Amino acid sequence: MNPPFDRGDRTYYVSDERLHAFGQLTPEQRLRWVEELAAFLRLAQAGRSERPADAVYCPRPPSDADR
């Protein structure tokens with residue numbers, strides 16, 4: 001049996017361009033982004049037991065109205 005996955009043992013690369021783009025967001029836009037990410041993660045976690053493993057959630061792309 002595999003040992004439990006350590007959630008703290010993950011890495012993610014973010015380009016300088018993406019960091020700069022995030023830095024240009026207003027606090028409200030940043031909060032909205034975090035809330036949408038949290039909702040996506042909750043759906044993904046809940047969906048593990050409800051959907052086939054190959055099902056993919058595709059969030060809507062950002063629009064100019066969100067900025």
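Given the conditions (1) modelled with pLDDT of 90 or more; (2) surrounded by 10 or more Cβ atoms within 10 Å (Cβ to Cβ), which single one is not true for GLU28?
Condition (2) is where GLU28 drops out.
Could you look through the range 39-55, keep only residues that are at pLDDT below 60 and surrounded by fewer than 10 Cβ atoms within 10 Å (Cβ to Cβ), and pick out the one that is nearest to ARG7 (Cα to Cα)?
ALA53
The values are calculated or read from the model by the stated rules, or taken from the named source; none is laboratory data. Note that this is a predicted model, so its numbers are computed, not measured. When we count neighbours, we look across all protein chains shown, and the Cβ atoms used for this are built from the backbone with ideal geometry, even at glycine.
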